[in-house]
Amino acid sequence: MSVTPEFALAHTRAWVDRAVIGLNLCPFAKAVQAKGQVRYVFSDTTDEQVLLDTLCAEMHYLAETDPAKTDTTLIVHPNVLADFELFNDFLDAADAAVEELGYGGVLQVATFHPQYQFADTNPDDITNATNRSPYPTLQLLREESVDRAADAFPEAETIYETNMRTLEALGPEKLAALQARCEADAATPPPAA
């Protein structure tokens, strides 16, 4: 997939704004996005080891950075792990790196992919869209922030079921229109400041 870093990051930001926040798929995302605490990183690598190295560098960055500046990081990598099964297999290495670097209990990796598929679902099941991003994406989350968000949202375990109902009510046509709007947003340059 040939895409510029600027476009891929703008497309991902639009997806976060319109899908993740707009559909309230993650009730915790709005605050950090509004405060500018989401770090968007583009990796143009085609090599899994280089991606793992980037992930490790971003773990160090996040652990050493004040959460008020950067609370979470999204690593967008369109040129490696485009196949969902390979992407899913890579997560073992990502989780092992968290432990090896001493960030177990401090950081965790969340995942998004254009072909994301939950176990026991069909590929075209609309509920898979809760984790479908424009490009393969790894998210680094602070465990402390996840715990704080879960405490603020007393029924956090119901988010998944709520998301399934939201997407089923939205339907495939409106979802496709939303995805097209995210892509169009990325192609539209921001207004001059």
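One chain, two ends: ASP185 and ALA119. Fully extended at 0.36 nm per residue, the span grows by 20.6 nm beyond their Cα-Cα distance. With 0.36 nm allotted per residue and the present C-alpha distance subtracted, the VAL146-THR45 stretch has 33.5 nm of extension available. Note: relative contact order over the chain, using C-alpha pairs below 8 Å and six or more positions apart, is 27 percent. Projecting the Cα atoms of GLY171, THR121, ALA57 onto the charge dipole of the chain, computed from C-beta unit charges around the Cα centre, puts GLY171 farthest toward the positive end.
Taking the Cβ-Cβ separation of SER2 and GLU85 as r and a Förster radius of 22 Å, what is the calculated FRET efficiency to the nearest 0.05? Each step should come with its number before you reach the end.
Numbers: r = 23 Å, r/R0 = 1.03.
E(calc), rounded to 0.05, equals 0.45.
Would you mind classifying segment 29-73 by shape? Square roots of the alpha carbon gyration tensor eigenvalues, ordered a ≥ b ≥ c; an a/c under 1.5 is rounded, otherwise it is prolate if a/b is larger than b/c and oblate if not. It comes out oblate by the Cα gyration axes. Legend: translational diffusion of the chain by Stokes-Einstein, Rh = Kirkwood radius over C-alpha pairs, 37 °C, 0.692 mPa s; D = 190 µm²/s.
Taking 26 Å as the straight-line reach from the Cα of LYS174, the lysines in range (excluding those fewer than 8 positions away in the same chain) are LYS30.
When CYS26, CYS182 are arranged by Cβ crowding within 10 Å, least crowded first, meaning fewest neighbours, the order is CYS26, CYS182.
Go ahead and run the numbers for FRET between ASP95 and ALA68, Cβ-Cβ distance against an R0 of 25 Å, rounding to 0.05.
Values: r = 27 Å, r/R0 = 1.08.
Efficiency, from the Cβ-Cβ distance: 0.40.
Bridgeable aspartates and glutamates around LYS35 (alpha carbons under 15 Å apart, same-chain partners fewer than 8 residues away excluded): ASP17, ASP66, ASP71.
We did not get these values from a lab; they are worked out from the coordinates using the rules stated. Quick caveat, the model's predicted, so the values are computed rather than measured. Because the Cβ atoms are built from the backbone with ideal geometry, glycine has one as well, and the counts that use them run over all protein chains shown.
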